[in-house]
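Peer 1: I am attaching a structure below and will ask some questions about it afterwards.
The values are calculated or read from the model by the stated rules, or taken from the named source; none is laboratory data. Nothing here was measured: the structure is a model prediction, and the numbers come from that model. Here the Cβ is made from the backbone with ideal geometry for all residues, glycine too, and neighbour counts use every protein chain on show.
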Amino acid sequence: MFQIIEVPFHLGLEEVAVGKGPARLLRAGADQLLATRGMPAAVTHVRPRDLRGKGLDLVVDVNRVLRAAVKEAAEQETTPVVLAGNCNSCLGTLAGLDAHRLGIVWLDKHPDLNTPDTSISGLLEGMSLAAALGHCHQELRERIGLPSPVAEQNVVLAGIRDIDPGEKERLEDSWISVHPFDSLGLLPGALRQLRERVDGVYFHIDTDFLDCAEKPYDMVRLVRESAPLKAIAITNYNPDLDRGATREREILGLLSALQ
Ligand SMILES: [Mn+2]
């Protein structure tokens, strides 16, 4: 059974840019697509009460509330589906899960493995996976409540097209299993190997992977069938940039593929 958790924030700012994505997907019937025996998925809204800080403090506040919501969903033996603005929601979601023998499968056009030293844009969302793996922002991760980083050996990264130079170096020197958008051939084997090391998977979907993925629904089904999914994230959808609602329909297709 799925439990939707709506996190309508863009770097701590509510309903701005990609922060508008979650509400739009709910209006389009995300809860119906994740129904169990005809019952729409329940929805929890992440709204920190006192958003008076700024910058990273806001990111911490949002992720702490998300952590509690994920923990509650997991305790009720439902699968949290986090509809979030930014990929940094991975920190709050991972913090709410039992970290023991947990893997990550990450679909994204970008590896999100920049650090403040290598980032060209300087934006936190491009550092999301790096932060979860302990490459940067240790303090941020710890404040959100994720004391230990996830081991690189337990990460499968797929759908990748745009890699920054600093990320390329990092990937060449890492244990992460990387699969470009156009080479899905080795993905089933990588998922089987991951399954031997973990009991469950956090499945992160940055919807920009749809820009280039050739068989996105097959990818989602492959991951779904590869291991128990402990939580799922759907991130980075900006309805203002979605003329004709093409992307919205594609994302609804991804949700259907999770069933
Ligand atoms: Mn991305």
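Peer 1: Test of understanding: among 150, 156, which residue is in a loop (DSSP other than H, G, I, E, B), closer than 20 Å to residue 231 by Cα, away from the ligand (no atom under 15 Å from the Cβ) and in contact with a helix residue (DSSP H, G or I) (Cβ under 9 Å, 6 or more places away or on another chain)?
Peer 2: 150
Peer 1: Please tell me if residue 96 is touching a residue at least 24 places away in the same chain (Cβ under 8 Å), closer than 20 Å to residue 258 by Cβ, more than 16 Å from the ligand (Cβ to nearest atom) and buried (at least 20 other Cβ atoms within 10 Å of the Cβ).
Peer 2: yes
Peer 1: Is it fair to say residue 30 is in contact with a strand residue (DSSP E or B) (Cβ under 9 Å, 6 or more places away or on another chain) and over 15 Å from residue 95 (Cα atoms)?
Peer 2: Judged against the criteria, residue 30 is a match.
Peer 1: Report, by residue number, each residue of segment 58-85 that is in contact with a strand residue (DSSP E or B) (Cβ under 6 Å, 6 or more places away or on another chain) and either of a type in the set (Val, Ile, Thr) or assigned to a helix (DSSP H, G or I) (or both).
Peer 2: Residues satisfying the conditions are 62, 66, 69, 70, 73, 78, 79, 81, 82.
Let's see how each residue does on (1) within 13 Å of the chain's Cα centre (by Cα); (2) surrounded by fewer than 22 Cβ atoms within 10 Å (Cβ to Cβ); (3) more than 23 Å from residue 207 (Cβ to Cβ):
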{"site": "124", "(1), (2), (3)": "no, no, no"}
{"site": "128", "(1), (2), (3)": "yes, no, no"}
{"site": "135", "(1), (2), (3)": "no, yes, yes"}
{"site": "141", "(1), (2), (3)": "no, no, yes"}
{"site": "151", "(1), (2), (3)": "no, yes, yes"}
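Peer 1: Same structure, new question: Need pairs with beta-carbon distance below 8 Å; first residue touching a residue at least 60 places away in the same chain (Cβ under 8 Å) and within segment 32-55, second part of a helix (DSSP H, G or I) and not polar (S, T, N, Q); sequence gap 6+ or separate chains.
Peer 2: Cβ pairs passing all conditions: 33/252; 33/255; 34/255.
Peer 1: Output yes when any residue across segment 199-210 is part of a helix (DSSP H, G or I) and under 18 Å from residue 103 (Cα atoms), and no when none is.
Peer 2: no
Peer 1: Considering segment 201-259 alone, what residues qualify as being within 21 Å of residue 32 (Cα to Cα) and aromatic (Phe, Trp, Tyr)?
Peer 2: 203, 217, 237
Peer 1: If residue 26 passes every condition in (1) within 24 Å of residue 249 (Cβ to Cβ); (2) crowded, with 22+ Cβ neighbours inside 10 Å but one, which one does it miss?
Peer 2: (2)
Peer 1: Another one. Just to verify a result, which residue in segment 196-212, among those that are in contact with a helix residue (DSSP H, G or I) (Cβ under 9 Å, 6 or more places away or on another chain) and more than 12 Å from the ligand (Cβ to nearest atom), is farthest from residue 18 (Cα to Cα)?
Peer 2: Once the filter is applied, the top-ranked residue is 197.
Peer 1: Of all residues being assigned to a helix (DSSP H, G or I) and surrounded by fewer than 20 Cβ atoms within 10 Å (Cβ to Cβ) in segment 179-195, which is nearest to the ligand (Cβ to nearest atom)? Just the residue, please.
Peer 2: 190
Peer 1: Output the residue which, of all residues in segment 38-57 that are of a type in the set (A, V, I, L, M, F, W, C) and out of contact with any strand residue (DSSP E or B) (no Cβ under 8 Å at 6 or more places or on another chain), is modelled with the lowest pLDDT.
Peer 2: Taking the candidates together, the pick is 56.
Peer 1: Restricting to segment 108-130, what's the tally of residues that are modelled with pLDDT under 95, among the small types (Gly, Ala, Ser) and within 10 Å of the ligand (Cβ to nearest atom)?
Peer 2: Total satisfying the criteria: 1.
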